[in-house]
Ligand SMILES: Cc1cc2nc3c(=O)[nH]c(=O)nc-3n(C[C@H](O)[C@H](O)[C@H](O)COP(=O)(O)OP(=O)(O)OC[C@H]3O[C@@H](n4cnc5c(N)ncnc54)[C@H](O)[C@@H]3O)c2cc1C
Ligand code: SF4
Ligand code: SF4
Ligand code: SF4
Ligand code: FES
């Protein structure tokens, strides 16, 4: 069949029209390609992306019965989808159309009109050659499940579950322990406000009252397979491993929180269980449960030393919240009795929230002695430290409080294997991108929030819960289907030699090995179309659809003519 | 070949998410860029394989630039790290084949670095002009 290729050059007002000779371009392209098998239909238009321009293209495709189309205009980053949508209104498969950028990559960067015109011809010739090697691709729509699994019943998980649950979206929340609320339920006061754990308890109640949320306590995830929109999950009971529940969801949120490092693993911290040394969390628990801070003998302490940042140098990251809560704890003592002498030792102060400076001033006003130090060591309840000016001092306290580093929850490693989500250098879950998508992961449909991603306070944990919830709500609209990427890779069975290189390089786990056939197979629902596997294959058995070697070569050849 | 008339042909494989966007930015800022340079868009720098690069050289390209997102910024997680390894390997292969490895260059240019994109391309184009034609063009083997 004779190919009828429409080549449409956009004037973009004066943007392109003034910089290149459009008539000459069309003439040249028509003359260069017209043959027995190819007919070029060349035309120009003032503004192809306007309503009139789109109608013009649509009618051209229909009336001229185009088999392929090339649009020479601006960047495909601006309007590729505009013209794909025009194709979709016609019989022309959108993958038999190609956009060529003669504005940003030609008209606007080459001042000489003749040179710019020749460059535009080169690019359009590349497009005309390439489009003939393109093949139809059919977008398949997939039904999706809007439901969500939340792993971890701390404040991050609770907020995510409440924010997502609705008539059309059910949420399952699993919590490994027997209680909800995570670490927050032990906190007497929640900075920055005075609002204590009443807030947490209220949110736990909101969660358990919500008829669209199902909570499983003492439960862990055992297995997950699938992809965004369709996950199949097996849950198991911690107390009875044989008790399993199968659920299906469209997305999964990991909110497994943090742990606290054992401070005695650091060489500068030495004490015995009988010593009056407490971790910050133990102090919070003591105050929440007993209402008062006391020594084990039952009498209140008179002289308290607080050490910030234990183990930060060894862990190589700041735990972000300790400076904050250590001042809160210093003030707990001062509130109990202004007579308690409180000395607080810090190397650096991390005061990231807008209210923190106020807390710092209040702590000083309350009479807490804030001492900036270079080095510190603890022996029993004796603290030896060097001040910033170099002087070394030693004080004996009757109670010492240490702030241990925030570390990943102990289930993190195991969970990363089950979910196939990488960990970062510190052992927390690795985000998709630290600045642009801190709640996403390398797998679409799996999100990380709260301290599972790294140390942070409650408000930031909640922010992440809402961020993930927002992404899920736009990605999985109840009742709507999703169109997975069609420009995906495929393994050509006959050539694959089963070396598994491609499996190793794929960052998304999109390729699996078919043991029976001894070849690799791409899971199209997971593949994102980067092409990394193509370049890794020693036998050239992988093709990335719409970016095949043959297609790219056409552009190369025209560029080199 | 008459050296004074040498107009090199240079091909740039740019990743869609960073460097192609930088090229767009350079364009919308009306930065002058060498017309000797031809842009080919790929989704990620990791798509570029030896086959594609060698064929491009054998077909007479005087220079090839591969450009993508900065390390850590690849839209596909770690694609650019793989691109970098393959680039290092191909440099060796080119050396062995006497293909003048300096004709191949890898660069990281982010979407906001329009000016830098222009500098990278223009400098590379100048370098290739000075290097003269791809030795393959003179050889009878290919
Ligand atoms: C001493 C101290 C004082 C603090 N004071 C403040 C403060 O004043 N203000 C403030 O904003 N922040 C404060 N914080 C920080 C606050 O505790 C955290 O920001 C908050 O607890 C984080 O919530 P989360 O949901 O991310 O994690 P977590 O509270 O750790 O909750 C995680 C939950 O997941 C569960 N889980 C773990 N693994 C699994 C698994 N594999 N399967 C199922 N469930 C699992 C855990 O059992 C837990 O219930 C303080 C922290 C400490 C240590
Ligand atoms: S399609 Fe692009 S080039 Fe044409 S008018 Fe619109 S913006 Fe300008
Ligand atoms: S194209 Fe990219 S995402 Fe798809 S299978 Fe290959 S490496 Fe994986
Ligand atoms: S890299 Fe190529 S040959 Fe090796 S397993 Fe993958 S598809 Fe097969
Ligand atoms: S997407 Fe730019 S290098 Fe991978």
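The values are calculated or read from the model by the stated rules, or taken from the named source; none is laboratory data. These figures come from a predicted structure and were not determined experimentally. Note that each Cβ is placed from the backbone with ideal geometry, even for glycine, and that neighbours are counted across all protein chains shown.
Some points to look at:
- Whichever residue in the stretch B:59-73 is facing chain A (nearest Cβ under 10 Å) and in contact (Cβ under 8 Å) with a residue 40 or more places away in the chain and, among such residues, is nearest to residue A:434 (Cα to Cα): B:73
- Residues of the stretch B:28-40 satisfying the condition of being touching a residue at least 12 places away in the same chain (Cβ under 8 Å) and at the interface with chain A (Cβ under 7 Å from one of its Cβ atoms): B:28, B:31, B:32, B:33, B:38, B:39, B:40
- Residues within the stretch B:23-39 that are part of a loop (DSSP other than H, G, I, E, B) and within 16 Å of the chain's Cα centre (by Cα), tallied: 4
Conditions tested, residue by residue: (1) within 16 Å of ligand 3 (Cβ to nearest atom); (2) more than 19 Å from the chain's Cα centre (by Cα); (3) in the same structural domain as residue A:468 (by TED's automatic domain parsing).
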site: A:402; (1), (2), (3): no, yes, no
site: A:420; (1), (2), (3): yes, no, yes
site: A:440; (1), (2), (3): yes, no, yes
site: A:447; (1), (2), (3): no, no, yes
site: A:450; (1), (2), (3): no, no, yes
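- Scanning the stretch B:83-98 for residues that are within 16 Å of ligand 3 (Cβ to nearest atom) and over 28 Å from residue A:438 (Cα atoms) turns up at least one hit.
- Here A:168, A:188, A:241 are screened, and the one residue that is surrounded by fewer than 20 Cβ atoms within 10 Å (Cβ to Cβ), free of Cβ contacts under 8 Å to residues at least 24 places away in the same chain, more than 16 Å from ligand 5 (Cβ to nearest atom) and more than 23 Å from the chain's Cα centre (by Cα) is A:241.
- Residue among A:50, A:81, A:35, A:75 that alone is farther than 17 Å from residue A:107 by Cα, within 14 Å of chain B (Cβ to nearest Cβ) and away from ligand 3 (no atom under 16 Å from the Cβ): A:81
- Scan of the stretch A:64-79 for residues that are in contact with a strand residue (DSSP E or B) (Cβ under 6 Å, 6 or more places away or on another chain) and in a helix (DSSP H, G or I), ordered by number: A:76
- Just one of the listed residues (A:20, A:9, A:38, A:30) is farther than 21 Å from residue A:75 by Cβ and touching a helix residue (DSSP H, G or I) at 6+ places or on another chain (Cβ under 9 Å), and it is A:38.
- Criterion violated by residue A:530 - all others in (1) buried (at least 21 other Cβ atoms within 10 Å of the Cβ); (2) more than 9 Å from every other protein chain (Cβ to nearest Cβ) satisfied: (2)
- All positions within the stretch A:484-501 that are within 16 Å of ligand 5 (Cβ to nearest atom) and assigned to a strand (DSSP E or B): A:489
- For the stretch B:1-22, taking the residues that are more than 13 Å from the chain's Cα centre (by Cα) and either within 14 Å of residue B:116 (Cβ to Cβ) or crowded, with 24+ Cβ neighbours inside 10 Å (or both), the one that is nearest to ligand 1 (Cβ to nearest atom) is identified as B:18.
- Scanning the stretch A:516-537 for residues that are under 32 Å from the mean Cα position of the chain (by Cα) and either away from ligand 3 (no atom under 15 Å from the Cβ) or assigned by TED's automatic domain parsing to the domain that holds residue A:122 (or both) yields no hits at all.
- For residue A:123, the conditions (1) away from ligand 2 (no atom under 16 Å from the Cβ); (2) touching a strand residue (DSSP E or B) at 6+ places or on another chain (Cβ under 7 Å); (3) assigned to a helix (DSSP H, G or I) all hold with the exception of (1).
- Residue A:524, sole failed condition from (1) within 11 Å of another protein chain (Cβ to nearest Cβ); (2) at pLDDT below 95; (3) surrounded by fewer than 21 Cβ atoms within 10 Å (Cβ to Cβ): (1)
- Among the residues making up the stretch A:435-468, those that are touching a residue at least 24 places away in the same chain (Cβ under 8 Å) and in a helix (DSSP H, G or I) are A:450, A:451, A:452, A:458, A:459, A:461, A:462, A:464, A:465, A:466, A:467, A:468.
- Qualifying residue in the stretch A:179-189 (condition: within 23 Å of residue A:234 (Cβ to Cβ) and not in a helix (DSSP H, G or I)): yes
- Failed item in (1) at the interface with chain A (Cβ under 7 Å from one of its Cβ atoms); (2) more than 22 Å from residue A:537 (Cβ to Cβ), with residue B:47 passing the rest: (2)
- Restricting attention to the stretch B:43-73, the residues that are surrounded by fewer than 22 Cβ atoms within 10 Å (Cβ to Cβ) and assigned to a strand (DSSP E or B) add up to 0.
- Within the stretch A:368-424, the residues that satisfy the criterion of being in a strand (DSSP E or B), under 23 Å from residue A:325 (Cβ atoms) and touching a helix residue (DSSP H, G or I) at 6+ places or on another chain (Cβ under 8 Å) are A:370, A:401, A:402, A:406, A:407, A:408.
- Wholly within the stretch A:12-63, helices (runs of 4 or more DSSP H) carrying at least 1 residues that are within 11 Å of ligand 2 (Cβ to nearest atom): A:14-17, A:51-63
- Members of the stretch A:84-115 that are over 15 Å from residue A:127 (Cα atoms), touching a helix residue (DSSP H, G or I) at 6+ places or on another chain (Cβ under 7 Å), more than 14 Å from every other protein chain (Cβ to nearest Cβ) and assigned to a helix (DSSP H, G or I): A:84, A:86, A:87, A:88
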